[in-house]
1. Could you please find all residues in segment 316-332 being open to solvent by less than 10 Å² (accessible area, probe 1.4 Å), among the hydrophobic types (A, V, I, L, M, F, W, C) and farther than 18 Å from Ala104 by Cβ?
2. Restricting the search to segment 171-192, which residues are within 17 Å of Phe401 (Cα to Cα) and open to solvent by less than 20 Å² (accessible area, probe 1.4 Å)?
3. Among the numbered criteria (1) in contact with a helix residue (DSSP H, G or I) (Cβ under 6 Å, 6 or more places away or on another chain); (2) under 16 Å from Ala170 (Cα atoms), which one does Leu386 miss?
4. Limited to segment 194-223, what total is found for residues that are touching a helix residue (DSSP H, G or I) at 6+ places or on another chain (Cβ under 6 Å) and under 17 Å from Lys378 (Cβ atoms)?
5. Could you identify the single residue in Leu164, Leu242, Leu246, Leu226 that is open to solvent by 40 Å² or more (accessible area, probe 1.4 Å), in contact with a helix residue (DSSP H, G or I) (Cβ under 6 Å, 6 or more places away or on another chain), farther than 15 Å from Phe368 by Cα and not charged (D, E, K, R)?
6. If I filter segment 202-214 for residues that are in contact (Cβ under 8 Å) with a residue 24 or more places away in the chain, touching a strand residue (DSSP E or B) at 6+ places or on another chain (Cβ under 8 Å) and either of a type outside the set (Lys, Arg) or surrounded by fewer than 21 Cβ atoms within 10 Å (Cβ to Cβ) (or both), do I get at least one hit?
Amino acid sequence: MVDLEETIDLVSEDEIPLTSSQAMSKAHTFDFEASHIGSHAKLSNSWFSEQMRIRIFRSIYIVLVKAKINVLLPFGPLAILLHYLTGKHGWVFFFSLLGITPLAERLGYATEQLAFYTGPTVGGLLNATFGNATEMIISIYALKNGMIRVVQQSLLGSILSNMLLVLGCAFFSGGVVHHQRVQHFNKEAAVVNSGLLLMAVMCILFPAVLHFTHTEVHFGKSELSLSRFSSCIMLVAYGSYLFFQLRSQRNIDGLVDDSPADEGRNINTDDADEEEAPDITQWEAIAWLAILTLWVSLLSGYLVDAIQGASDSWKMPVAFISVILLPIVGNAAEHASAIMFAMKDKLDITLGVAIGSSTQISMFVIPFCVVVGWLMGKPMDLNFQLFETATLFITVIVVAFMLQEGTSNYFKGLMLILSYLIVAASFFVHVDPSTDKQVPGG
């Protein structure tokens, strides 16, 4: 028993220095691991920061450098400098137009990138909101300054430009490239858009007829009330159209067609859609939408302020600048994409750009501006005056006849281009009493 207890005591005495040495060893090990973890955390933070910098520079390159149209971006700051240094409204207006052109295209690009992450329903709503964001921003700024006629004429000009010039150039280019055969597009989609455009013409026509026939119950008030009511109806109709287009089982956008003549083209389109992938992340797209919208808003102010001065210095009517020059330059990127798709024999996408954009402006942007003017206390209405309303009515009828067969060729495109030249010449000699003082050259 004694030997056993002594043995236990000896073992216990021997364990004490061993335990302390182990504790010291463990302490050193812990310090080493802590320092190792700290250095590893520093490396991780530096690596993360480096990756963030790379991603930011890559995003800037993709959005602001990569596209060729971005060579026009410096004209925006140049217009602002000219505004403060020289005060020459003609040059300020011209450079502002050039500076807004790439911003409008980049806004559309950022919207498309965001649509990759949101799905078709929200993507369609985003396209409806930001698809013509430039026109909406310019219109809201002009409304704020009380320039109601500039708003009406610029939106009318966007519709005329898309329906006659853009569609005409697309049909003509596609017809020349594919002159050996007739190009086809989805007739049902074109009929639906034509119906919406005719509805827009009806809503714009009635206030003008009330005004010029002097058959209003309350002069000057009835047409405004009718315009606001009609605008709400138009917004409901366009929302229903979006729901029908995005949710209905019947495909009205023409990207899928069972006809034998279009099988090869649709297969190529589907393959192209499958290969598409977003270039930037979702939050990058949202950030760029905010930045580009703010920049367009800033530049639109200088553009609108210089319209009257540009009209005086160039000896051009404000109506011609608003209806012809603003839409041509502001929608230059849209024009180029529509022509490119027509030359690739993708006319359904071309119609989505040209006719779809016209439908969007007539059924969404115009009534939206009426409602915004209502909230601002501005008398923005749908009375576009007799000359402008008649021009829109005839244009919609001509284009509807061109689309009813579901085919296109270079001759149809040429007729639309020549029709647009007639419209441009008409507005060059047209005097709007509210904005113009004399006929140019008079």
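The values are calculated or read from the model by the stated rules, or taken from the named source; none is laboratory data. Everything numeric here is computed off the predicted structure, so don't read it as measured data. No Cβ is skipped: glycine too gets one built from the backbone with ideal geometry, and neighbour counts run over all protein chains shown. Note: areas computed on protein heavy atoms with side chains; ligands, DNA, RNA excluded. Shrake-Rupley method; radii C 1.70, N 1.55, O 1.52, S 1.80 Å.
1. Within segment 316-332, Val318, Ala319 qualify.
2. Residues satisfying the conditions are Phe171, Gln183, Phe185, Asn186, Ala189, Ala190.
3. (2)
4. Total satisfying the criteria: 2.
5. On the way: Leu164 fails: open to solvent by 40 Å² or more (accessible area, probe 1.4 Å); Leu242 fails: open to solvent by 40 Å² or more (accessible area, probe 1.4 Å); Leu226 fails: farther than 15 Å from Phe368 by Cα.
One residue alone meets the criteria, Leu246.
6. No, segment 202-214 contains no residue that is in contact (Cβ under 8 Å) with a residue 24 or more places away in the chain, touching a strand residue (DSSP E or B) at 6+ places or on another chain (Cβ under 8 Å) and either of a type outside the set (Lys, Arg) or surrounded by fewer than 21 Cβ atoms within 10 Å (Cβ to Cβ) (or both).
Rundown of residues vs (1) modelled with pLDDT of 90 or more; (2) surrounded by 18 or more Cβ atoms within 10 Å (Cβ to Cβ); (3) hydrophobic (A, V, I, L, M, F, W, C), yes/no style:
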site: Cys369; (1), (2), (3): yes, yes, yes
site: Gly373; (1), (2), (3): yes, yes, no
site: Met376; (1), (2), (3): yes, no, yes
site: Phe393; (1), (2), (3): yes, no, yes
site: Val399; (1), (2), (3): yes, yes, yes
site: Pro433; (1), (2), (3): no, no, no
site: Val439; (1), (2), (3): no, no, yes
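Here's the yes/no breakdown for (1) of a type in the set (A, V, I, L, M, F, W, C); (2) within 20 Å of the chain's Cα centre (by Cα); (3) open to solvent by 50 Å² or more (accessible area, probe 1.4 Å):
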{"position": "Glu284", "(1), (2), (3)": "no, yes, no"}
{"position": "Ala290", "(1), (2), (3)": "yes, yes, yes"}
{"position": "Ser297", "(1), (2), (3)": "no, yes, no"}
{"position": "Ser300", "(1), (2), (3)": "no, yes, no"}
{"position": "Leu303", "(1), (2), (3)": "yes, yes, no"}
{"position": "Trp314", "(1), (2), (3)": "yes, no, yes"}
{"position": "Glu334", "(1), (2), (3)": "no, yes, no"}
{"position": "Ser337", "(1), (2), (3)": "no, yes, no"}
{"position": "Ala354", "(1), (2), (3)": "yes, yes, no"}
